[in-house]
Each structure stands twice: as structure tokens, then as C-alpha cells.
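Colleague: My questions will all concern the structure given below.
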Amino acid sequence: MTTRNLTRRAALVAVTGVASVLLAACGSGAGGAHAGHGTSASLSPSASATGTPHNAQDVAFAQGMIPHHQQALEMARLADGRASSARVKDLAARIEKAQDPEIRTMTGWLKTWGEQVPMAGMDHSGHTGMSGMMSDDDMAALKKATGKDFDTKFLSLMVEHHQGAVEMATTEKSKGQYGPATGMADDIVSAQNAEIEEMKQLLGKSES
């Protein structure tokens, strides 16, 4: 009996040892799996949150186009109480309808990327060197204008403003990396070039 008990005890010890080795191996594997998840979570915001990489040009595009669009909205909102032409009022409403959602979209990108978002209602004097941006004097003159004078000033200034946006968007299309940003840039080029032609036609009619 003593010999048999010793044999059973030895077998039990052996089984326990094997189980310990297996548990240790499983623990190591689980740790490895968690380490893998940690690596995934530490990826840049562009890869983990959006699934698509971005570059410095994409950031510059969003940070520049947001205040550019904000100024266009300021200009467009003046038309309702000042413009004499129904077509100018309609154009201004379309500009606001298109660009306000784009501002929200670009703001979301910048927040996702951990980049600074230009504040709404900010002083645009620091952006007057940006392509197409109006100066404080231009905006003041537009606010004082009414009737046909407003129509002419609005169309002339907005043509210039749109041309600046098209230039910025063209740069994004050629140098940007983030797909949604280059896609928006393509939409801006198409839509605003069409509006530029429309405004030039309206100016031609008002000048004749």
C-alpha cells in the first residue's frame, strides 16, 4: 500500500507541474494579446480614430479654410437685409447652406487629430494675408452698403473670396493625404468655380 500511495503521489505531482506550465503559457499569451491591443490604442489619432492617415497639409487646410468659410458666412448673412437682387439673396443663402456644414466637419477633423480649432467669431485680422480674405475696411464698407451698391460690392468681394478658397482647395487636392479632406477640396473647387461664373454674370448684368 505504501508503495502504491507513493506512486499515486508522484503521478499527482507530475500532473500538477504540467498544469502549472500550461497556465503560465496561457498567462503569457494573454499578456501578449493585451500588449497588442495597447499598441493599437497608442496609434496616432488619424489611424486609430479615423482609420485614414493625414498629414500637415490636411491640418493646414482645415485650420485655414475654417476662418475663410466663417468670413464668407459673415458676408452672406449681410445680404438678407441689404441686397436688392433676389438672385444675390439666393446665392448668399446657398453659400451659407454649403459652407456652414463644412466648417462643422473640418472642426471635427481637427478635434480628432488633437489640433487647434480656430474659434468661431474670431477676429479675422490675423488672416488678412490668406488668399481671398477680406480686410476690415472691406467688411466695413460692405456692412454700410445697401441696395444695388451692396449687390455690386458683395459680388465683387465674394468672387475674390471664392478664388482664394479655390486656390487653397487646389493645394489640398495635390498635397493632402486625408481622403475626406481632399474630397471636400474637390467639391469646393467645383462648387465655388461655378458660383464664380454665376457672380461674374450677375456683375455683367448690373454693369450693363
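Colleague: Hey, Gly126 hits all of (1) modelled with pLDDT under 95; (2) surrounded by 15 or more Cβ atoms within 10 Å (Cβ to Cβ) but one; which does it fall short on?
Modeller: For Gly126, the failing item is (2).
Colleague: Moving on to the next point. May I ask you to list the residues in segment 140-185 that are within 16 Å of Ala92 (Cβ to Cβ) and either within 26 Å of the chain's Cα centre (by Cα) or among the acidic types (Asp, Glu) (or both)?
Modeller: Result: Asp149, Asp151, Leu157, Met158, Val159, Glu160, His161, His162, Ala165.
Colleague: Within the set of pairs 6 or more residues apart or between chains, which connect a residue that is crowded, with 19+ Cβ neighbours inside 10 Å inside segment 168-184 to a residue that is among the aromatic types (Phe, Trp, Tyr) with Cβ atoms less than 7 Å apart?
Modeller: Cβ pairs passing all conditions: Met168/Phe61; Glu172/Phe61; Gly176/Phe61; Ala181/Phe61; Ala181/Trp109.
Colleague: Okay, moving on. Regarding segment 121-134, can at least one residue be identified that is at positive phi and part of a helix (DSSP H, G or I)?
Modeller: no
Colleague: Follow-up question, since we're still on this one. For the structure I just gave you, tell me whether Met75 is in contact with a Leu (Cβ under 8 Å, 6 or more places away or on another chain), surrounded by 13 or more Cβ atoms within 10 Å (Cβ to Cβ), in contact (Cβ under 8 Å) with a residue 60 or more places away in the chain and not aromatic (Phe, Trp, Tyr).
Modeller: In short, yes.
The values are calculated or read from the model by the stated rules, or taken from the named source; none is laboratory data. Since the structure is predicted, the reported quantities are computational estimates derived from the model, not experimental observations. Heads up, the Cβs are rebuilt from the backbone with ideal geometry, glycines too, and the neighbour counts pull from every protein chain shown.
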